[in-house]
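Q: One structure follows; several queries about it will come next.
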Amino acid sequence: MNQLDIDKIKADLARIIDSTDFFFDTRPVETFPTRYKIPSIVQFTKLGYATFILRLRANALSVLSLLRVVDKNNWSLYHHSIAILNRASLLDCLYIMAWDKDRNFIKELLADSFQNLERNKYWRLSELQKASLNNFRNMFCNTKINVKPSRILEIVGDECRPVYLLYDWYSKTDHFSVLDSMIFRLKAQDQVDFLEQATKVIIESIKALYLIFEKDATIRNVLIKKLSR
């Protein structure tokens, strides 16, 4: 396992955190009163933009924290947690690619969690609670919802295949299976190489968000510069 590669990834993750911190520090007070407070639900684009940045920042911070304490003797155990975090981030990156192609996709994505909660019988919700969740769902999207990875492949096409395959590989660590144990036995350097590729995808996805949605050119340039090596 090459320590220089680990250091390079840690530096990339630190840049993600620095850039996204600046993002939240420059939001208008009336839109984002605090870093973790959600804005008005009618602001679909702003809400989706900020939520993706917040999620990718949080996972980058967690992965960086793990890399700061890892060594060659405990790498495989720490890598398992890193892989699960990267799986979530790479799915967000696929969502961002779909949103770039279809600007209405964010409405389905925002509505999906309300729909799933309303339909989950194990929550034993009252009819009034179900109706309230359904109303929230309809505020975001009142048409059919499909945010599965297969749908993303349909929207984006072969352009997202490399990212999808990387996501799919990391997904094996998030579920009980024999493939999970096979990933555990991969050479540490191979795992580091996958991690470096995932980190690059995350950086490019955040850049894409800045380029698409950041209206202030001066702020946008600073955000992207902070991500660059």
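The values are calculated or read from the model by the stated rules, or taken from the named source; none is laboratory data. For clarity, every value in this text was computed on a predicted model and none was experimentally measured. Reconstructed Cβ throughout: ideal geometry from the backbone, glycine too, with neighbour counts over all protein chains shown. To get the accessible areas, we keep the full protein, side chains included, count just its heavy atoms, and leave off ligands, DNA and RNA. Shrake-Rupley method; radii C 1.70, N 1.55, O 1.52, S 1.80 Å.
Q: Taking the Cα centre of the chain as the origin, how large is its charge dipole in debye, to the nearest 20, when only Lys and Arg (+1) and Asp and Glu (-1) carry charge on their Cβ atoms?
A: Details: 34 positive and 27 negative charges, 87 e Å.
Rounded to the nearest 20 debye, it is 420 debye.
Q: Rank Phe114, Phe176, Phe23, Phe213 by accessible area, highest first, at a 1.4 Å probe radius?
A: Ranked list, largest accessible area first: Phe176, Phe114, Phe213, Phe23.
Q: State in Å² the accessible area per residue of the chain; use a 1.4 Å probe, count heavy atoms of protein chains only, and round to the nearest integer.
A: Accessible area per residue: 55 Å².
Q: To the nearest 10 square angstrom, how much accessible area does Val69 have with a 1.4 angstrom probe?
A: For Val69, solvent-accessible area is about 80 Å².
Q: Given the -39500 (n - 2.57) contribution per DSSP H run of 4+ residues, what per-residue ellipticity at 222 nm results for the chain, rounded to the nearest 500 deg cm²/dmol?
A: That calculation yields -24000 deg cm²/dmol at 222 nm.
Q: Could you pull the accessible area for Lys200 with a 1.4 Å probe, rounded to 10 Å²?
A: Ignoring ligands and nucleic acids, Lys200 comes out at about 80 Å².
Q: Turning to a different aspect of this structure: So what's the projected area for the stretch 66-130, the Cα convex hull averaged over all directions, in nm²?
A: On the way: hull surface 29.2 nm².
Directional mean of the projected Cα hull area for the stretch 66-130 stands at 7.3 nm².
Q: Here is a further query. Which of the lysines could a cross-linker bridge to Lys144, judged by Cα under 24 Å and excluding same-chain residues fewer than eight apart?
A: Lys46, Lys101, Lys107, Lys121, Lys130
Q: Still on this structure, I have one more. Of the heavy-atom accessible surface of the chain (probe 1.4 angstrom), what whole percent is carbon and sulfur?
A: Carbon and sulfur atoms account for 55 percent of the accessible area of the chain.
Q: A further question follows. I need to check one value: relative contact order of the chain, counting alpha carbon pairs closer than 8 Å and at least 6 residues apart, in percent.
A: 32
Q: Moving on. Would you list Thr51, Thr143 from the most to the least accessible area, probe 1.4 Å?
A: Putting Thr51, Thr143 in descending order of accessible area: Thr143, Thr51.
Q: So, one more: Within 13 Å, Cβ to Cβ, of Lys200, how many net charges do the neighbouring residues add up to if Lys/Arg are +1 and Asp/Glu are -1?
A: Its environment carries a net charge of -1.
Q: May I ask which residue of Thr143, His175, Leu128 lies farthest towards the positive end of the charge dipole of the stretch 53-181, with charges of +1 (Lys, Arg) and -1 (Asp, Glu) on Cβ and the Cα centre as origin?
A: Among Thr143, His175, Leu128, the one farthest towards the positive end of the dipole of the stretch 53-181 is Leu128.
Q: Let me ask something else. Among [x] 19.5, 55; [y] 18.8, 57; [z] 16.9, 55, which one is Rg and Dmax of the Cα atoms in Å computed from these coordinates?
A: [y]
Q: Ordering His79, His175 by accessible area with a probe of 1.4 Å, largest first, what comes out?
A: Correct descending sequence by accessible area is His175, His79.
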